[in-house]
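> Before we start, here is the structure in question, set down as structure tokens.
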Amino acid sequence: MKRLTATLFIILLYITAGATAATEAADTLLLDEVMVSAVKSVAPSGAGAVTSLDQATIASQAVTTPRDATVLTPGVFIPDYGSRMTSTIYSRGIGARIDQPVLGLVIDNVPILCKENYDMDLPDMKRVDVLRGPQSMLYGRNTMGGVINISTLSPRTDPGTRVMLQGASHSSFKVSVSHNRAINAAWAIGATAFYTTTAGEFRNEYNGKLTDWERHGGGRLKVQWQGENGWSLTNVLSMSVSRQGGYPYAWTATGKIAHNDTCFYRRTNLIDGLTVRKHTAWGTLMSITSYQMIDDNMTLDQDFTPEPYFTLTQARTEHAVTQEFIVRSNPAASGWQWIAGAFGFYRRLRMSAPVNFGDTGIARLIEQHRNEAAPSYPIAWQERAMLLGSDFVMPTGGVAGYGQATYTTGGWTFAAGLRLDYEHSRLNYHSETHTGYDIMHDGEVYSHEAIDIDDTGRLRRHHLQLLPSFNVSHRWLSGNMVWLAVSRGFKAGGFNTQMFSDVLQQRLMGMMGIGARYDVDRIVGYKPEHAWNYEVGTTIKPLSNDDLIIAANAYWIDCTNRQLTVFPDGTTTGRVMTNAGRTRSVGVEATVQWHATATTDVNVAYGYCDARFVRYNDGTRDYRHRIVPYSPRHTLHADATQRINLQCAWAKCVELNVGVYGVGPIEWNEANTVSQPFYALMDTRVTLAASKWSVQLWAKNLTGTRYNTFYFVSIGHEFLQRGRGRALGATLRINL
């Protein structure tokens, strides 16, 4: 299948390279030479590793979520880990399976604080900029790997009605409707509604039902006001509701997805962002205020087997507010430019995370270990079900101030910035279990033992960060450029709330004379992660026009206190975030935009990353020089588009597109003994377009390549999540 995918792609490149039809080309993928449109971009040189998608590219590449945009970005990988909750991100060898993200998400100037809100449908995207490398100086926490900056359609500049209907394999259906209009000279309003549903692809062989079904819907309301004397206002209110199954994990011992308990994820979120601008003769003042709420529930058969081991419920409600003030100078072709800002946030999370042990879990994880240690006095649990309860309240807040100055003279641009960031977090926890067991001797009950654990406590963490950045670039001729950047980034620390059930379990077993009691403060809290990024890059236009643009960059990242998801010692059911000493990432990224003919375009985005442990010993093994797990070595996206003009009144062209997306190899553990080899997926699209409508027939993973997206271990059992197979569909778009 890999050879077939590569062969078909090479054949298409050969065909399209010879095309000679002369017509005006549509906009395609915008690569690194494009200056980011974000409000925090001040360098006129546009120096830096950036992938930008305009509105035409978003439509032609069927980009509807932030994850879709990263497929076109070298060095960034967002795998499918089972549900919309698990939006794990890897960038340049950095990232972790749980907790804090490594890539920030900003939508209409609002930073999304909770990564569980990252996986959302945005059918009204107008532009996407993916900034790679540390962006912490301007954007703060959790942007060490970069930022996804998304702008949605403006009611004032993008009027009209847009409708999208899509049907696909596995009984999948999508619909979205948006309408934008100016009410008068001052006010404009836009509204978007969407809904998606799918029956699912993977079947639970225990009960015969599909596991990954989903129903997801929501809407956005955008209001803009343009006043006098340079004042303007934009408010965006969005809400979505998700209900899905998910977690199609196959036990490697059987190769089957088969679990006895229910798995599902439910999410309701609401985000409101208000941006107020004041334009003056010397610059712009801006205030960005947001309120963010998420209410979700993840319930899953945590052992993922047909046996009644245990189930986990993680139900939470989080409220958050952010406030940012920005002042910046007006753009200038030369001389000084500057930006300064202050940012503050507060978020309060309330979560309940009980673990319910069933008969098999009690028998094999508790009774068996206790009875092997003391066979003369075996125990028998009084009830064949047990609840380990955990409740948390986690308030987190922070403030920051930052500034950056840019000086341009001739073809040279110099930029330097500094951010001071302070963050304080607290964890109030309550863990309890009330159960009991009998001690047996010679077949008789020797004694009755009651277990009543009711623990409360409070943990605190605070961090002060100093985050500098420096950038120098030189531009010559028409857009050719070289640049050098040095910056420091950080990813926030936090608390391992999922470990409390294991802490409680180990304490319970310790009361029976077996197991080791965890140090709660040590195992639950983890430190921030820091990295220095050293990077050089260039943008070259070999031709006299912009028909061929080549951008490339190379980087070295030195990361300390690397956050790593591991399984702790003992008979445990969960996972823990730890700080794994030090890692380094070395890599190169390249993008090519080739307008081969008036009707032919070829785009390539490739990233290579070698991320290894410099210092990490977990107490039993030294992993120095081993490859950091879960982050791919190679990322590749390549596609070619051929347009055929039609000489008829009802349609203007047919567009043919074929693309290849490749990832891997991916190491699944620190020892590098289990891995996913490199795999490539082939996508194709055929679009018939008119002035106000288009119909697109498409196929994903056309060759049916088999691959895995996730691997993990639970109570000694290994599990894999298979990647999605072939999918066929059709999309109708109407623009009025």
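The values are calculated or read from the model by the stated rules, or taken from the named source; none is laboratory data. Computed from a predicted model, the values in this text were never measured in an experiment. Neighbour counts are summed over all protein chains in view; Cβ atoms, including those assigned to glycine, are modelled from backbone coordinates with ideal geometry.
> Would you check if L105 is closer than 21 Å to R316 by Cβ, not polar (S, T, N, Q) and not in a loop (DSSP other than H, G, I, E, B)? Outline the logic, then answer.
Working: closer than 21 Å to R316 by Cβ: yes; not polar (S, T, N, Q): yes; not in a loop (DSSP other than H, G, I, E, B): yes.
Taking the combined requirement at face value, the residue satisfies it.
> Name the residues in the range 185-215 that are on the phi > 0 side of the Ramachandran plot and over 30 Å from the mean Cα position of the chain (by Cα), would you?
G208
> Inspect the range 388-397 for any residue being surrounded by fewer than 15 Cβ atoms within 10 Å (Cβ to Cβ), small (G, A, S), in contact with a helix residue (DSSP H, G or I) (Cβ under 8 Å, 6 or more places away or on another chain) and in contact (Cβ under 8 Å) with a residue 60 or more places away in the chain and give the result as yes or no. Break it down stepwise before answering.
Taking the range 388-397 and keeping what is surrounded by fewer than 15 Cβ atoms within 10 Å (Cβ to Cβ), we get 393, 395.
Within this subset, residues satisfying the condition of being small (G, A, S) are none.
There is no residue in the range 388-397 that is surrounded by fewer than 15 Cβ atoms within 10 Å (Cβ to Cβ), small (G, A, S), in contact with a helix residue (DSSP H, G or I) (Cβ under 8 Å, 6 or more places away or on another chain) and in contact (Cβ under 8 Å) with a residue 60 or more places away in the chain.
> Which count do you get for residues in the range 201-232 that are polar (S, T, N, Q), more than 30 Å from M286 (Cα to Cα) and surrounded by fewer than 15 Cβ atoms within 10 Å (Cβ to Cβ)? If you could, list the steps in order and put the result at the bottom.
Taking the range 201-232 and keeping what is polar (S, T, N, Q), we get 204, 207, 211, 224, 226, 229, 232.
Pick out the ones that are also more than 30 Å from M286 (Cα to Cα) and you get 204, 207, 211.
Next cut, surrounded by fewer than 15 Cβ atoms within 10 Å (Cβ to Cβ) only: 207.
Number of matching residues: 1.
> So which residues in the range 317-349 are charged (D, E, K, R) and surrounded by fewer than 16 Cβ atoms within 10 Å (Cβ to Cβ), if there are any at all? Explain how you work it out, then say what you get.
To start, the set of residues in the range 317-349 that are charged (D, E, K, R) comprises 318, 324, 328, 347-348.
The one that is charged (D, E, K, R) and surrounded by fewer than 16 Cβ atoms within 10 Å (Cβ to Cβ): R348.
> I've got another one for you. Take the range 304-343 and flag every residue that is touching a His at 6+ places or on another chain (Cβ under 9 Å) and either modelled with pLDDT of 95 or more or within 30 Å of M120 (Cβ to Cβ) (or both).
Correct list: F304 only.
> Which of the numbered conditions does Y661 fail, given that it passes all the others? Conditions: (1) crowded, with 18+ Cβ neighbours inside 10 Å; (2) out of contact with any strand residue (DSSP E or B) (no Cβ under 9 Å at 6 or more places or on another chain).
In the conditions (1) crowded, with 18+ Cβ neighbours inside 10 Å; (2) out of contact with any strand residue (DSSP E or B) (no Cβ under 9 Å at 6 or more places or on another chain), Y661 misses (2) alone.
> Another one. Go through (1) hydroxyl-bearing (S, T, Y); (2) surrounded by fewer than 17 Cβ atoms within 10 Å (Cβ to Cβ); (3) assigned to a strand (DSSP E or B) and name the single condition T157 misses.
If we test T157 against (1) hydroxyl-bearing (S, T, Y); (2) surrounded by fewer than 17 Cβ atoms within 10 Å (Cβ to Cβ); (3) assigned to a strand (DSSP E or B), just (3) comes out false.
> While we're looking at this one, here's another question. Take the residues in the range 405-425 that are in a strand (DSSP E or B), touching a His at 6+ places or on another chain (Cβ under 9 Å) and not acidic (D, E); name whichever of them is farthest from F392 (Cα to Cα).
Step one: of the range 405-425, the residues in a strand (DSSP E or B) are 405-409, 412-425.
Checking the rest, the ones that are also touching a His at 6+ places or on another chain (Cβ under 9 Å) come to 412-413, 421-425.
Among the residues that remain, those that are also not acidic (D, E) are: 412-413, 422, 424-425.
Values: W412: 53, T413: 49, Y422: 23, H424: 16, S425: 13 Å.
Top of the filtered list is W412.
> It is to be established whether one or more residues within the range 321-340 are over 23 Å from L420 (Cα atoms) and aromatic (F, W, Y).
We begin by selecting, within the range 321-340, every residue over 23 Å from L420 (Cα atoms); these are 330-335.
From the residues that got through so far, the ones that are aromatic (F, W, Y) too are none.
So far as the range 321-340 goes, no, none of its residues is over 23 Å from L420 (Cα atoms) and aromatic (F, W, Y).
> Residues in the range 594-624 that are touching a strand residue (DSSP E or B) at 6+ places or on another chain (Cβ under 7 Å) and part of a strand (DSSP E or B): how many?
19
> What residue, among those in the range 108-163 that are in contact with a helix residue (DSSP H, G or I) (Cβ under 8 Å, 6 or more places away or on another chain) and among the hydroxyl-bearing types (S, T, Y), is nearest to L53 (Cα to Cα)?
Y118
> Looking only at the range 412-467, count every residue that is small (G, A, S) and at pLDDT 90 or above and tell me the total.
Residues of the range 412-467 that are small (G, A, S), as a first pass: 415-417, 425, 431, 436, 443, 447, 450, 457.
When the remaining residues are screened for being at pLDDT 90 or above, the result is 415-417, 425.
Final tally of qualifying residues: 4.
> Right, something else. Considering only residues of the range 172-184 that are over 15 Å from T157 (Cβ atoms) and part of a strand (DSSP E or B), which is farthest from the chain's Cα centre (by Cα)? Let's see the steps before the verdict.
Taking the range 172-184 as the starting set, the residues that turn out to be over 15 Å from T157 (Cβ atoms) are 172-177, 184.
So of that shortlist, the ones also part of a strand (DSSP E or B) come out as 172-177.
Numbers: S172: 23, F173: 24, K174: 22, V175: 24, S176: 23, V177: 26 Å.
Checking each candidate, the answer is V177.
> How about the range 185-200: which of its residues are assigned to a strand (DSSP E or B) and either surrounded by fewer than 18 Cβ atoms within 10 Å (Cβ to Cβ) or of a type in the set (G, A, S) (or both)? Spell out how you get there, then give the answer.
Pass one, the range 185-200, residues assigned to a strand (DSSP E or B): 187-198.
The answer is W187, A188, I189, G190, A191, A193, Y195, T197.
> Counting only residues that are at positive phi and out of contact with any helix residue (DSSP H, G or I) (no Cβ under 8 Å at 6 or more places or on another chain), which one in the range 701-717 is surrounded by the most Cβ atoms within 10 Å (Cβ to Cβ)?
Here is the first cut: in the range 701-717, the residues at positive phi are 701, 704, 715-716.
Cutting the leftovers down to out of contact with any helix residue (DSSP H, G or I) (no Cβ under 8 Å at 6 or more places or on another chain) gives us 701, 704, 716.
Working: N701: 21, G704: 10, G716: 7.
My answer is N701.
> Would you confirm, using the coordinates I've provided, whether T583 is assigned to a strand (DSSP E or B), in contact with a Phe, Trp or Tyr (Cβ under 9 Å, 6 or more places away or on another chain) and modelled with pLDDT under 85?
Values: assigned to a strand (DSSP E or B): yes; in contact with a Phe, Trp or Tyr (Cβ under 9 Å, 6 or more places away or on another chain): yes; modelled with pLDDT under 85: no.
Answer is no for this residue.
> Looking at the range 468-484, which of its residues are crowded, with 21+ Cβ neighbours inside 10 Å and over 12 Å from T538 (Cβ atoms)?
Passing the criteria: S469, N471.
> Could you run through the range 625-676 and say how many residues are assigned to a loop (DSSP other than H, G, I, E, B) and closer than 28 Å to F719 by Cβ?
Looking only at the range 625-676, we keep the residues that are assigned to a loop (DSSP other than H, G, I, E, B), and these are 625-626, 628-633, 646-652, 665, 668-674.
Right, trim to closer than 28 Å to F719 by Cβ and you get 625-626, 628-633, 665, 668-674.
Selection size over the range 625-676: 16.
> Within the range 134-154, track down each residue that is assigned to a loop (DSSP other than H, G, I, E, B) and under 15 Å from the mean Cα position of the chain (by Cα). Outline the logic, then answer.
From the range 134-154, those assigned to a loop (DSSP other than H, G, I, E, B) are 134-135, 140-145, 153-154; that's our starting set.
R141, N142, T143, M144, G145 - these are the residues of the range 134-154 that are assigned to a loop (DSSP other than H, G, I, E, B) and under 15 Å from the mean Cα position of the chain (by Cα).
> Kindly evaluate S694 against the criterion of being buried (at least 16 other Cβ atoms within 10 Å of the Cβ), small (G, A, S) and either touching a Leu at 6+ places or on another chain (Cβ under 6 Å) or under 27 Å from R626 (Cβ atoms) (or both).
Values: buried (at least 16 other Cβ atoms within 10 Å of the Cβ): yes; small (G, A, S): yes; either touching a Leu at 6+ places or on another chain (Cβ under 6 Å) or under 27 Å from R626 (Cβ atoms) (or both): no.
So S694 does not fit the description; no.
> Now, a different point. What's the total number of residues in the range 89-131 that are within 19 Å of T560 (Cα to Cα) and either surrounded by 23 or more Cβ atoms within 10 Å (Cβ to Cβ) or modelled with pLDDT of 90 or more (or both)?
Of the residues in that region, 11 qualify.
> Quick one: T284 ticks every box in (1) of a type outside the set (K, R); (2) touching an Asp or Glu at 6+ places or on another chain (Cβ under 6 Å); (3) in a strand (DSSP E or B) bar one, so which box is it?
Checking T284 against (1) of a type outside the set (K, R); (2) touching an Asp or Glu at 6+ places or on another chain (Cβ under 6 Å); (3) in a strand (DSSP E or B), the one that fails is (2).
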